[in-house]
Amino acid sequence: MPRILVTNDDGYFSEGIAALAGALAAVGEVTIVAPASEQSASSHSLTLTRPLRVRQLGERRYNVDGTPTDCVVLALMTILKDNRPDLVVSGINHGANLGDDVTYSGTVAGAMEGVIFGVPSIAVSMTQRDERDFSHAAALAARLAGKVLQEGIPDGTLLNVNVPPGEIRGVRWTQQGIRGAQAHIVEGVDPRGKQYYWIGAQIYAAQVEPNSDYAAIKEGLVSITPLRVELTDQKALEKLRDWMLA
């Protein structure tokens, strides 16, 4: 039976990870190793300045007082070192991970760490934060997981999945959008009279590229974007090789 490692950035006790693990149980043997508390926007951070604590909460159920990246590293190097997973699935995140947001996302980072260790990986997000029904996204994630386990995906590539609320209306393979959103900054004054700034929800641009993840979600479709860990801009590299800087 395939072994599946599940993590997230919303924390071990989130509704999304419970729904995901439940759906994936029909595909393989699921082990959860997830942050003990919410780690949203933790990006691909690794904890190096303090020791990490792992707590076992049940059979193949663990939480870690660290980031999603910490969770995957500990799972692959210690908890599951003798039973290496065949697949890593991160999610289901409560909120979209589209366009430039993937660089901030702890959900995407969990899947990316799996890829770095040579394990096929998927990141799954629900696009509406106020949506409480994860069943459709979980079912789609299970179908996709089965396909990845059967067919494989290219080395160094993860699949970033974003699911709009409600029943699945369709799926589109997309490219990562660029400059599709801006952070909303909330300004205020605290009870001691000091100014503060709070980075709030993303404001999405009205115009988006037609083949982008933003466009698919805008049309009510699931977006699946293959992302690579290797970030080299090959076109720029060819052009810049002519620069004489010696």
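The values are calculated or read from the model by the stated rules, or taken from the named source; none is laboratory data. Here the structure is a predicted model, which is why all the values come from computation and not from measurement. So basically every Cβ, Gly included, is an ideal-geometry build from the backbone, and we count neighbours across all protein chains shown. What goes into the accessible areas is simple: the full protein's heavy atoms, side chains included, and nothing from ligands, DNA or RNA. Shrake-Rupley method; radii C 1.70, N 1.55, O 1.52, S 1.80 Å.
Some notes on this structure:
- Qualifying residue in region 160-174 (condition: closer than 16 Å to residue 123 by Cβ and at pLDDT below 95): no
- Selection count where residues are of a type outside the set (D, E, K, R) and surrounded by 14 or more Cβ atoms within 10 Å (Cβ to Cβ), scope region 157-186: 17
- Scanning region 114-123 for residues that are open to solvent by 10 Å² or more (accessible area, probe 1.4 Å) and part of a helix (DSSP H, G or I) yields 115, 116.
- Residue in region 19-28 that is farthest from residue 44 (Cα to Cα), counting only those that are touching a residue at least 24 places away in the same chain (Cβ under 8 Å) and among the aliphatic types (A, V, I, L, M): 26
- Screening residue 1 on (1) under 24 Å from residue 146 (Cα atoms); (2) at pLDDT 95 or above shows it passes everything except condition (2).
- Any pair with Cβ under 6 angstrom, 6 or more apart, that starts in region 95-113 at a residue that is touching a residue at least 60 places away in the same chain (Cβ under 8 Å) and surrounded by 24 or more Cβ atoms within 10 Å (Cβ to Cβ) and ends at one that is among the acidic types (Asp, Glu) and in a helix (DSSP H, G or I): 98/213
- The lone criterion from (1) within 24 Å of residue 212 (Cα to Cα); (2) of a type outside the set (Phe, Trp, Tyr); (3) out of contact with any Phe, Trp or Tyr (no Cβ under 6 Å at 6 or more places or on another chain) left unmet by residue 98 is number (3).
- Of the residues contained in region 203-219, none is found to be under 18 Å from the mean Cα position of the chain (by Cα), surrounded by fewer than 19 Cβ atoms within 10 Å (Cβ to Cβ), free of Cβ contacts under 8 Å to residues at least 40 places away in the same chain and over 20 Å from residue 19 (Cβ atoms).
- Cβ separations smaller than 7 Å between residues 6+ apart or across chains give the following pairs from region 29-55 residues that are more than 15 Å from residue 16 (Cα to Cα) to residues that are β-branched (Val, Ile, Thr) and open to solvent by 70 Å² or more (accessible area, probe 1.4 Å): 43/103.
- Condition broken by residue 72, with the remaining ones in (1) open to solvent by 10 Å² or more (accessible area, probe 1.4 Å); (2) within 22 Å of residue 229 (Cβ to Cβ) satisfied: (1)
- Applying the criterion of at least 1 residues that are of a type in the set (A, V, I, L, M, F, W, C), within 14 Å of residue 88 (Cβ to Cβ) and open to solvent by 60 Å² or more (accessible area, probe 1.4 Å) to the strands (runs of 3 or more DSSP E) found wholly in region 3-68 leaves an empty list.
- Qualifying residue in region 33-51 (condition: among the basic types (Lys, Arg) and in contact with a strand residue (DSSP E or B) (Cβ under 9 Å, 6 or more places away or on another chain)): no
- Count of residues meeting criterion [part of a loop (DSSP other than H, G, I, E, B) and touching a helix residue (DSSP H, G or I) at 6+ places or on another chain (Cβ under 9 Å)] in region 82-94: 3
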